[in-house]
Structure formats: structure tokens, C-alpha cells
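To start, the structure itself, in C-alpha cells.
A short reminder: the numbers here are calculations on the coordinates, not readings from a lab. Everything quoted here is computed from the prediction, not taken from an experiment. Note: ideal-geometry Cβ built from the backbone for every residue, glycine included; neighbour counts use all protein chains shown.
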Amino acid sequence: MIDLAQLRREPEFVKAALARRGVSSATMDEIVRLDVEHRRLLQEAERLRAEVKDLSRQVGDARRAKDTDAADRLTAQSRVLGDQEREATEATETVATELREQLLMIPNLPSPDAPDGLDEDANVELRRWWVGMDEGIGFPTYGEHQRVAHWEIGAELGILDLESGVKIAGSMFPLFRGAGARLLRSLGYFALDRHTGDYEEIRPPSFALTETMMSTGHLPKSADDMYAIERDDLWAIPTAEVPLTSMRRGEILDEAELPIRLTAQTACFRREAGSAGRDTRGLLRVHEFDKVELFAYCTPEQAEAAHADILSRAEGLLQSLGLTYRVLDLCCGDLGTSSARTLDLEVFSPGVDRWLEVSSVSWFRDFQARRANVRYRTSDGSTALVHTVNGSALAWARIWAALVETYRQPDGSVVLPDVLAPYMGDQTRIRPKAS
């Protein structure tokens, strides 16, 4: 949630920043109006409450003095003011609810470093990496054997069974088999082993309360894209960012503890609302996928280094896997609701001839911490909101797709990178069924 105090102090600055994200000035003017009205009603309710309290004292004094007429008159006045105080309190609560609902829909202020633009077409490519780039080798060329879509490769090798997934759960729920399932598991173990020296491994629940989902900004704005279990007031998590952000919800941390670095691999669930007929073949867009997340609570001064560390780790994994990728700086209009700055990593998948997003590394400033009420105590004894940073390292469904396409051989087999050998039982070649 944005800082309401900052909006009061610097309304034009906040409006100009949010205009870069497509938020209209009229929307922010309405929030300012509601804030002014809420404070006015609050003061009025408090004034009436004080008068009622004073009248109650006067009624007591009159009764003790056996002045029945004065006591009855003051009691009547107290009832009238009491009714007015209750009406003012109800009005205050109504305006407060409307103000909060509007604030919950407002995105974070973008970083000044985020590029201008209102959609993905304005994202800025910062750099590319491929095997041999440092030796002067040009952008990779791919053979015809690599220009085969991963869903065809998976069916041929018997490692991806989309039909069974549809039978069990419906479309866009993939089922992996044999070496395909082991490859998915191996990718998670490989990444966690790389991270757990510096990040504490967490295995959080796969479901979260509404309050937990609100803390990260996924609710209420993205409710249509979430899976809800209404009977239990639970939601299937779309990313481990959700439970990790709320692990310390409502707490005051010691500054000496920061940064607190956490990592988790979880299943992630997304309805992909509005995706019908768009990028839904194979593993390009699925309802359930595994992902390793990196997350940090930090001070504002630590945030840049924390963001850079997560990005470096995600890039390091892609380089170890030998996958061609690029780094995109997301423009203001393409940022997630809670993000102030996001860098995306996209791998090139030759079989579908596309760049596929496999990681978003984001800095949220204190936007999520304000919702989750996570603070830290500074050396001088005061408290401040933490900053949160997170990123995928990595999301496996599209990595799986890029690997089997990139490393497909002319004979139809797939030879996986050597770094996965310890996790694949040293069997890094996946052969066709007929072999």
C-alpha cells in the first residue's frame, strides 16, 4: 500500500509518479478527498464523544446535588449528542472502509529508474547472454532437430503426458513422467543447493489466508487470477513470495537481523484468467508449476544489494544450464501491482522460437511491509518499515521446455547439462522410446 502520509505531504509528486503507471489524477484526487473527509469525521466523532463524556460527568454532579431538573435536562442533551456521536462514528467507518478499498487498488510508486511506458512493448532489453558469448561467438544458431516444440519432444520421449493431465484436472495442468518428472525434481534440488548456503530454506504451506494474500498485493486486485477455497477462506498460493512475505507479519525485527534471506520451492497455482487461446500449448502457460523463490527482508539501504544478489543468482543458474537468455527492465505500465522496479529474465526456446519469462526479480520498497506491518527497530530505538525484495530462481515449467528443445540431438534424444548429472542419477541422456 502506498504511504498515505506521503500523499498528504506531496500530492503532486505522488500523482505524477502514479501517472507513469496509468493511474489517473482524478483517482488520486478522490482518495485525497476521502482522506480529508475521514479525518474531518473522525475529529467530529471525537469532539462529540468528549462532550457526551463531559455531560455524563455533569449529570452525575447534578444527581449528587439532588438537582433532578438539571440532571434530566443534561441527560436529554447527552442522548441527543450520543445519537449524533454514533452517526458520526458510523460515517467515519464508512468513509474509512471506502478509503481503504480504494488504496488497496492503487499500485506502488515506480522507481525513477523504471522505464516509461504503459505496456510490455516499452520494456527495455538490457543485455543478452549465450554460451560462448565471452569468446566472441555470435548469437546461437539452431538446427532443425532443435526446432521441435517441447510438447512434441515430450510425447515422443514419453516424459510429458498432457492428455493424462487433462483427464485428471483439465487443460493446462501438465503431467510429467519418468525422466521428465525426475528432470523437474532435479532442477529444484539443483537450485536449492545453490541457494541454501546464504538463504534459509523454508517449506511453507501451499495455501494462504486472505490476509496473507492481501499482504503481498495479490488481493484484491488479482483475485480473478487466484484459486479460492471460499469455505475455508483460503487461497492456493501463486508464488512462495506470498507466505514468505507474511512469515514475520505484525512483527518488529532487530536491525542487526537484516537482511533476512529465505528460499522456498513450492507448487504455484494461477488461473491465468483471460488466457484462453493464447500461449496455452504445452508448458507455455499452465495452471500449476513448481518454482524456487528467493526473498529478503532488508533495510532501505540494503535493498539494492539484495535485489542484485537475487538477479545474479538467477542468471548464474541459467548460465550453468547453458540456456540463452536476456534481461528486461520492465516499464512502469508492465510492473506488478506491488513492484517499484522489476527485471525479468527470459530464456530463448528454439522449438517454439520464443523468449519465455522464467524469472521476475522485484524490489517492493515498503509497499508490502506496510500491508503486512513488518517493521524493524533501528539503533536509535525508533521503528521503520522493512523493504522486501524477491525473485524466481527459477520457474521450472518453461526451463524444462527450453532445456529439452535446446539440448535435443539429431537422433531425437535429449542430452542434459552436466550440472544436473548428480540429480539425474548420472543419466543425462533421455532417449526415445524406440531406443
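For the chain, a Gaussian network of Cα nodes joined below 10 Å ranks 125, 272, 230 by mean-square fluctuation, and the top entry is 230. Residues 27, 383, ranked from the fewest to the most other C-beta atoms within 10 Å, line up as 383, 27. Electrostatic tally near residue 107: other residues with Cβ closer than 12 Å to its Cβ, Lys and Arg +1, Asp and Glu -1, net +3. Computed over the chain with a Gaussian network model linking Cα atoms closer than 10 Å, the most mobile of 47, 21, 127 is 47. Using alpha carbons only, the radius of gyration of the range 203-253 set against its Kirkwood radius gives Rg/Rh = 0.96. For the range 4-104, rounded, prolate or oblate, judged on the Cα gyration tensor with a ≥ b ≥ c (square roots of eigenvalues), a/c < 1.5 rounded, else prolate if a/b > b/c? Prolate, because a/c is 1.5 or more and a/b exceeds b/c. With θ taken as phi - 60° and the Karplus curve 6.51 cos²θ - 1.76 cosθ + 1.60 applied, the whole-hertz 3J(HN,Hα) list for the range 331-340 is 6, 4, x, 9, 5, x, 3, 8, 7, 9 Hz, x standing for glycine and proline.
With contacts taken as Cα pairs under 8 Å and at least 6 residues apart, the chain reaches a relative contact order of 20 percent. For the range 50-104, the set of trypsin sites (Lys or Arg not before Pro) satisfying both a DSSP loop assignment and a count of at most 11 other C-beta atoms within 10 Å is given as 66. Once backbone amide H atoms are built at 1.01 Å from N, residue 339 has 108 as its partners under 5 Å, excluding neighbours fewer than 5 places away on the same chain.
Among residues other than residue 79 with Cβ under 15 Å from its Cβ, the summed charge is -2 (Lys and Arg +1, Asp and Glu -1).
For the chain, the ratio of Cα radius of gyration to the globular rule of thumb 2.2 N^0.38 Å stands at 1.25.
Measuring between their Cα centroids, the range 257-331 and the range 341-369 lie 6 Å from each other. With the charge dipole of the chain set up from +1 on Lys and Arg Cβ and -1 on Asp and Glu Cβ about the Cα centre, the Cα lying farthest toward the positive end among the listed residues 296, 115, 183 is that of 183.
Here's the thing: no lysines lie within a cross-link span of residue 221, going by alpha-carbon distance under 18 Å and ignoring same-chain residues fewer than 8 apart.
Overall, the chain carries a charge dipole of about 720 debye about its Cα centre when +1 sits on the Cβ of Lys and Arg and -1 on the Cβ of Asp and Glu, all other atoms neutral.
Cβ-to-Cβ counts within 10 Å put 252, 2 in ascending order as 252, 2, the fewest first.
Taken one residue at a time, the phi angles of the range 243-249 give Karplus couplings (6.51, -1.76, 1.60, θ = phi - 60°) of x, 5, 4, 8, 4, 10, 4 Hz. Gly and Pro are set to x. Ranking 373, 420, 407 by Cα position along the charge dipole of the range 320-435, where only Lys, Arg, Asp and Glu carry charges on their C-beta atoms, puts 373 farthest toward the positive end. Sequence-distant contacts, meaning Cα pairs under 8 Å at least 6 residues apart, place the relative contact order of the range 304-427 at 24 percent.
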